[in-house]
Amino acid sequence: MPEPIATVIPLPQPALLPVDGTAALFPVRRVYCVGRNYADHAIEMGHDPNREPPFFFQKNPDNLLSQGNDFPYPPLSADVHYEVECVLALKSGGANIPAEKALDCVYGYAVGIDFTRRDLQGEAKKAGRPWEVGKAFEYSAPVSVIAPVERIGHASSGAIWLDLNGKRVQDGNLDQMIWKIPEIIAELSKLFVLAPGDVIMTGTPAGVGAVRKGDSIACGVEGVGTLSLSVV
Ligand code: MN
């Protein structure tokens, strides 16, 4: 038995996500997100949908909220938006990964929501400040059970949707991504050294909007899975 690590304060617990078909969990190292990766969402946010280089931001591993938990409405915002996204879970990484080898890094796929304090993000954008207050808050990243590639294959097309209180408000397809999944991994690995446990949220289609306490959300990615929760 190895000696337990001596720490001066209690060791923080790692973020862990459930995996379909096994009791073993997926440990999360970093959470990357892609901005404006569907043209119709870029347009609704007032941006040029042409293919500019992708840009990235991060959430924190402990912002993840596992399936089965409700989303607590966060403080200091009156405009929290849902964004349904296809989520990648990496089993390997590296720097400067070629796009044609990028899918080899993917352990599995999941459905996630990139909850955003849009009012705080808007103020940050206007002031040229970082986005963390708008994006990386507690419970801001609900994620479904991970579906391993060995069970579902790779996700490149298929419906991505979100229902708010039973009404379809986001209705896109993975094939509408401006930067495809292998390209996202390749571009991200130019900026950061990717590693096992990294999670990537790949952007949202059009139709984002505000939630209120009491709302119920159901969302999914065809061939990957579904996620449902209430706003409490
Ligand atoms: Mn997003």
TODO: Kindly state, to the nearest 0.05, the FRET efficiency for residue 29 paired with residue 228, given R0 = 25 Å and r defined as their beta-carbon distance.
DONE: 0.40
Task: Length gained when the stretch residue 159-residue 91 is fully extended (0.36 nm per residue, less Cα-Cα span) - done: 22.0 nm
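Say R0 is 30 Å: what FRET efficiency, to the nearest 0.05, do residue 48 and residue 69 get from their beta-carbon distance?
The calculated FRET efficiency here is 0.20.
Roughly speaking, what is the stretch gain from residue 133 to residue 175, that is 0.36 nm per residue apart minus the C-alpha to C-alpha distance, in nm to one decimal?
Length gained between residue 133 and residue 175: 12.1 nm.
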Task: residue 9-residue 125 FRET efficiency (beta carbon distance; Förster radius 41 Å; 0.05 resolution) - done: 0.70
Task: Pairwise label distance in nanometres, residue 152 with residue 79, each label 7 Å out on the Cα-Cβ vector - done: 3.2 nm
Open item on the list: Probe of 1.4 angstrom, ligands and nucleic acids ignored: what's the accessible area per residue over the chain, in square angstrom?
Closed with: 48 Å²
TODO: Give me the net charge of residue 113's neighbourhood, meaning all other residues with Cβ under 9 Å from the Cβ of residue 113; Lys, Arg count +1, Asp, Glu -1.
DONE: -3
- [ ] Name the residue, out of 22, 116, 204, whose mean-square fluctuation peaks in a Gaussian network model built on the chain with Cα pairs under 10 Å.
- [x] 22
Task: Percent accessible area from carbon and sulfur atoms, the chain, protein chains only, probe 1.4 Å - done: 54 percent
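Normalised by the residues of the chain, what does the relative contact order come to in percent, with Cα pairs under 8 Å and at least six apart?
Details: 559 pairs, mean separation 70.6, N = 232.
30 percent.
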Open item on the list: Calculate log10 I(q)/I(0) of the chain for q = 0.09, 0.11, 0.12, 0.17 Å⁻¹, where I(q) comes from the Debye formula with a single equal point scatterer on each Cα and nothing for solvent.
Closed with: -0.35, -0.53, -0.63, -1.30
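The values are calculated or read from the model by the stated rules, or taken from the named source; none is laboratory data. Only a predicted model underlies this, so the values are computations on that prediction, with no experimental measurement involved. Here Cβ is always computed from backbone atoms with ideal geometry, including for glycine, and neighbour counts include all displayed protein chains. Side chains included, ligands, DNA and RNA excluded: accessible areas come from the protein's heavy atoms. Shrake-Rupley method; radii C 1.70, N 1.55, O 1.52, S 1.80 Å.
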